[in-house]
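Working notes, beginning with the structure itself.
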Amino acid sequence: MCWTDIKKAFDSLYQNYILRILQLIKVPQWIITWISNAMLTWRTKIQLWKNNEVIITDAINISRGIFQGDTLSPLLFCIGYFMVSQKLRMLRIGYVPGMPGKRDPSKMRSHFVFMDDFKGMTANEVSLSTLMKTCIEILKEMGLEVGLNKCAVMKVKRGKVEKMEGLELDNDGIINNIDEGLGYAYLGILQILDPCHNQIKKILLSKVENCANVIWSSNLTEQNKVKAHNMFVISKLNYSFGIIKWTKFELDEIDRMMRKIIAKYCCMNLHSNTNRLYLSRKKGGKGLLNIHHMHNRTLCSLVT
């Protein structure tokens, strides 16, 4: 399997490529026209401070790449990346999970994609090299470049990691073998064959606690704090559900830790009704997401 890192993904994507893909998937023409006209207005200015003076450049047109942080740009990026998945599926190479003799070819998987994070997997090194060469060629057409120094590859045979020299990509270079000591983080989860769940849990909890403290100590309104909490804090844990084994006690402890942080910044009383905290605002609550319930919901969606 192989993990790839794309250099400046949002900043490098060709705008003409996005518009072409929108036409191919039959998006209404008025939407394409609106997006095209909006791209023509994208521009910025650079301010430089020199000897207590401000030097401001003329307006610089943004002719390549898309924004980050808004609602539309991630959707446009995913639409552009959709063609990568389509062409890789046409190769009909990948890995079929299961015991020998009991594998279902219809369950073959060659890659996983989440925004600009890509993970490829095949049955052998030759097919993996073909997969990655094709992926890099498609990304070049989109204006994207793979940072080989931040990519990694790992060979697993019969449940054990085997050493390999790396994955050769002809003129595109070589993807180095994964560092067994450091591993590779994909969506915040350490990619090792036998993950140390306790170590990953400590890292996740540290990030969650820091993020929660930043949000609830800010000057945002209470409603916006709740929205930010549900968006940034819960998402850090959500990636681990179904991969890392969480006990009911651990999830309840995380919910308890969140309530203590909220109370520390005077946004709730420790002796108040905790059920009201997780009710929607329409029902008189604060609208906070319960981590234990989110965990159970994610596991149910994975099963079904």
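The values are calculated or read from the model by the stated rules, or taken from the named source; none is laboratory data. Computed from a predicted structure; not experimentally measured. No Cβ is skipped: glycine too gets one built from the backbone with ideal geometry, and neighbour counts run over all protein chains shown. Note: accessible area is taken over every heavy atom of the protein model, side chains too, but ligands, DNA and RNA are not part of it. Shrake-Rupley method; radii C 1.70, N 1.55, O 1.52, S 1.80 Å.
Brief remarks on what is shown
- Elements of type helices (runs of 4 or more DSSP H) in the range 4-117, at least 2 residues being of a type in the set (D, E, K, R) and touching a Ser or Thr at 6+ places or on another chain (Cβ under 8 Å): 72-90
- Being over 27 Å from the mean Cα position of the chain (by Cα) and more than 30 Å from I175 (Cβ to Cβ) is a property that L22 lacks.
- Note on the range 1-27: residues that are of a type in the set (S, T, Y) and open to solvent by 80 Å² or more (accessible area, probe 1.4 Å) total 1.
- Note on the range 270-304: residues that are polar (S, T, N, Q) and within 11 Å of I234 (Cβ to Cβ) amount to 2.
- If you go through the range 60-94 and keep only what is open to solvent by 90 Å² or more (accessible area, probe 1.4 Å) and in contact with a strand residue (DSSP E or B) (Cβ under 7 Å, 6 or more places away or on another chain), you end up with just N61.
- Picking from residues in the range 282-302 that are open to solvent by 50 Å² or more (accessible area, probe 1.4 Å) and more than 29 Å from the chain's Cα centre (by Cα), the one that is farthest from M231 (Cα to Cα) is K283.
- Residue within the range 248-266 that is surrounded by fewer than 12 Cβ atoms within 10 Å (Cβ to Cβ), at negative phi and of a type in the set (S, T, Y) present: no
- Extreme residue, nearest to the chain's Cα centre (by Cα), among residues of the range 29-55 that are hydroxyl-bearing (S, T, Y) and surrounded by 10 or more Cβ atoms within 10 Å (Cβ to Cβ): S36
- Residue list for the range 237-247, restricted to those being within 17 Å of C211 (Cα to Cα) and crowded, with 17+ Cβ neighbours inside 10 Å: L237, N238, S240
- Cβ separations smaller than 6 Å between residues 6+ apart or across chains give the following pairs from the range 2-22 residues that are farther than 30 Å from M164 by Cα to residues that are outside any strand (DSSP E or B) and open to solvent by 20 Å² or more (accessible area, probe 1.4 Å): F10/Q68; L19/S36; I21/I79.
- Output for the range 109-139, where each listed residue is more than 27 Å from G69 (Cα to Cα) and aliphatic (A, V, I, L, M): M121, A123, V126, L128, L131, M132
- Test: residue in the range 123-144 that is assigned to a loop (DSSP other than H, G, I, E, B), among the aliphatic types (A, V, I, L, M) and closer than 16 Å to M1 by Cβ: yes
- Of the helices (runs of 4 or more DSSP H) contained entirely in the range 195-247, those carrying at least 2 residues that are of a type in the set (A, V, I, L, M, F, W, C), modelled with pLDDT of 85 or more and within 17 Å of H295 (Cβ to Cβ) fall at 197-216, 234-238.
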